[in-house]
Amino acid sequence: MRKKVIAGNWKMNKLPNEAMEFISELAPLVKSAENEVVLCVPYTDLFYSLLHTQDTNIKIGAQNMHYEEKGAYTGEVSGEMLKSIGVEYVIIGHSERRAYYGETDETVNKKLKKAHVLGLKPIVCVGESLEQREANQAKEIVTTQIKLALEGLTNEEVEKTIIAYEPIWAIGTGKTATKEDANETIKWIREKIAQIYGKEVAESVIIQYGGSVKSGNAKDLFEMSDIDGGLVGGASLDAKEFAKIVNYK
Ligand code: 13P
């Protein structure tokens, strides 16, 4: 039985004091959650959030990392740096990073490999644009992204990789994929993984849905056969709303 992972992606939002207030409000609301609860916060909130979640079941993640350990990469943060302060999760290859900061399938693959070497839990994002969807290319695009992201990983590493299927047209737009649509694409991803890494690996990989998840649609989405939770943007900025998503049942 796969565990559901409900992760908030705060993107570039919240100062440290706001992060701590949020955690104080969220912690009692999700303390009995059966699902894994993760908050992926800006770098400047990481340390404060880690301290503030110490006696809670909330896990902390970063939103990106560099694949090199150290060096002349102004403005970058390495996986080692994340690991050194106790960060557990890291988002890799979010569509906003692919669109605005030159993230490619190749850098995603390098970062993913590095995350596994360090024992960070990666959440790798894939998803098609509206044009690609309208041109009936969604499955092809997602398949390529998955293949390239996972290239060279061991079966064990693939099993430990969380995949977030986030159709770009559904991000921040209020347009959610239908539960059937999202489930079908996620099932497709699972089949592709099965073809390369075997059925056992594919059955244990956690695959989330992301794109305008909110308390009003979380239950419908998360109860589908292949959707193992969600990566939540806007709706993760409000503690009560995010708690409702975590406790969707
Ligand atoms: P929204 O939930 O705001 O659509 O964002 C989704 C997302 O990009 C999560 O990574």
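The DSSP beta bridges internal to the chain are antiparallel in roughly 0% of cases. A 1.4 Å probe run over the protein chains yields, for segment 92-249, 44 Å² of accessible area per residue, whole-number rounding. For segment 74-150 and segment 201-228, what is the separation of their C-alpha centers, rounded to whole Å? Taking the Cα centre of segment 201-228 as reference, the centre of segment 74-150 is 18 Å away. Pairs with C-alpha atoms separated by more than 26 Å, drawn from the list K3/K214; K83/K219; K199/K249, are K83/K219; K199/K249. Normalised by residue number, the volume inside the convex hull of the Cα atoms of segment 117-249 is 108 Å³ per residue. Within segment 19-79, the chymotrypsin sites (Phe, Trp or Tyr not before Pro) that combine a DSSP coil assignment with at most 15 other C-beta atoms in a 10 angstrom radius are Y73.
Would you compute, from DSSP H runs of 4+ residues alone, the mean residue ellipticity of the chain at 222 nm, taking -39500 (n - 2.57) per run and dividing by the full residue count, rounded to the nearest 500?
Working: 12 runs with 115 residues, N = 249.
Mean residue ellipticity at 222 nm (helix-derived): -13500 deg cm²/dmol.
Please say if segment 60-104 is rounded, prolate or oblate, where rounded means a/c under 1.5 for a ≥ b ≥ c the square roots of the C-alpha gyration tensor eigenvalues, and otherwise the choice is prolate for a/b larger than b/c and oblate otherwise? Present the calculation step by step, with values, prior to reporting the outcome.
Numbers: a/c = 2.74, a/b = 1.26, b/c = 2.17.
Judged from the Cα gyration tensor, segment 60-104 comes out oblate (a/c at least 1.5, b/c at or above a/b).
Once the C-beta distance of E21 and E131 is scaled by a Förster radius of 45 Å, the resulting FRET efficiency is 0.65 to the nearest 0.05. Quote the FRET efficiency, to the nearest 0.05, computed for K31 versus I85 with a Förster distance R0 of 25 Å and r equal to the Cβ-Cβ distance. Result of the calculation: an efficiency of 0.60. Potential lengthening of the chain between Q195 and T56 amounts to 46.2 nm, from the contour at 0.36 nm per residue minus the alpha-carbon distance.
Take the Cα of K249, go 7 Å toward its beta carbon, and the backbone nitrogen atoms of segment 162-206 under 20 Å from that spot belong to 206. Close amide H contacts of V90 (hydrogens built in the peptide plane, cut-off under 5 Å, sequence separation of 5 or more or a different chain): A62, K121, I123. The chymotrypsin sites (Phe, Trp or Tyr not before Pro) of segment 88-176 that DSSP puts in a loop, and whose beta carbon has at most 15 other beta carbons within 10 Å, are Y101.
Share of carbon and sulfur in the accessible area of the chain stands at 51%, probe radius 1.4 Å.
Note the full-extension length gain between Y73 and K187 as 0.36 nm times their separation in residues minus their Cα-Cα distance, in nm to one decimal. The partial results should precede the final answer.
On the way: separation 114, 0.36 × 114 = 41.04 nm, distance 3.81 nm.
Difference between extended and current length: 37.2 nm.
Just tell me, in residue order, which DSSP H segments of the chain are both 27 angstrom or longer along the helix axis (alpha-carbon based) and at least 1.6 in mean Kyte-Doolittle hydropathy. Going by DSSP H runs, there are no hits.
The values are calculated or read from the model by the stated rules, or taken from the named source; none is laboratory data. Computed from a predicted model, the values in this text were never measured in an experiment. Every residue, glycine as well, gets a Cβ built from its backbone with ideal geometry; the counts of neighbours run over all protein chains shown. All accessible areas refer to the heavy atoms of the entire protein, side chains included, with ligands and DNA or RNA removed. Shrake-Rupley method; radii C 1.70, N 1.55, O 1.52, S 1.80 Å.
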